[in-house]
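Written below as structure tokens is the structure these notes are about.
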Amino acid sequence: MTQFLNSHFDVVLQSCQLGIRKPNPLIYRLACHRLEVQPSQAVFLDDLGRNVRAARDVGMTAVRVRETHQALRELGTLLGVRLAFEKTDSSSSSSHVSLKS
């Protein structure tokens, strides 16, 4: 599963390997460093308030995820795009996020 997920992301940080966990500011800075962006150029999403606050404290824009549609609306507004969450098959739990023009 890890290899599958890693193939879909530019950078994957695993706290168990790094010995650093959110909300430690070092993990946010390390993510930005590996992505070669400044914290002010990054958007962080999480469902825990303490992690969102920590990301903001290092200079990231942060979205607290309370519900999928709400998070996608906020992220889309920040990025200047329209994002939509859609179920792909009503008989399964399969779903995806799409960019709408």
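Per residue, how large is the accessible surface of the chain? Use a 1.4 angstrom probe and give square angstrom. Don't skip to the end; give the middle numbers.
Numbers: 7360 Å² over 101 residues.
With the other protein chains kept in place, the chain gives 73 Å² per residue.
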Task: Whole-Å distance, taken between Cα centres, linking the stretch 59-88 and the stretch 3-28 - done: 21
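Summing +1 for each Lys or Arg and -1 for each Asp or Glu, what net charge is found among the other residues whose Cβ lies under 12 Å from the Cβ of Val52?
Working: positive: Lys22, Arg50, Arg53, Arg56, Arg64, Arg66; negative: Asp46, Asp47, Asp57, Glu74.
Residues near Val52 contribute +2 overall.
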TODO: Hey, can you grab everything whose amide H is under 5 Å from the amide H of Thr61? Only 5+ residues off in sequence or another chain; H modelled, so Pro and N-termini drop out.
DONE: Ala42, Phe44
Task: Over the chain: Kirkwood hydrodynamic radius from C-alpha pairwise inverse distances, Å - done: 15.1
Open item on the list: If you take every DSSP beta bridge fully contained in the chain, what fraction is antiparallel? Give it as a percent rounded to 5.
Closed with: 60
Open item on the list: Rounded to the nearest percent, how much of the accessible area of the stretch 26-86 (1.4 Å probe, protein heavy atoms only) is carbon and sulfur?
Closed with: 50
- [ ] Would you compute, from DSSP H runs of 4+ residues alone, the mean residue ellipticity of the chain at 222 nm, taking -39500 (n - 2.57) per run and dividing by the full residue count, rounded to the nearest 500?
- [x] -11000 deg cm²/dmol
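The values are calculated or read from the model by the stated rules, or taken from the named source; none is laboratory data. Everything numeric in this text was worked out from a predicted model, so none of it was measured. Note that each Cβ is placed from the backbone with ideal geometry, even for glycine, and that neighbours are counted across all protein chains shown. These accessible areas exclude ligands, DNA and RNA; they are computed on the full protein's heavy atoms, side chains included. Shrake-Rupley method; radii C 1.70, N 1.55, O 1.52, S 1.80 Å.
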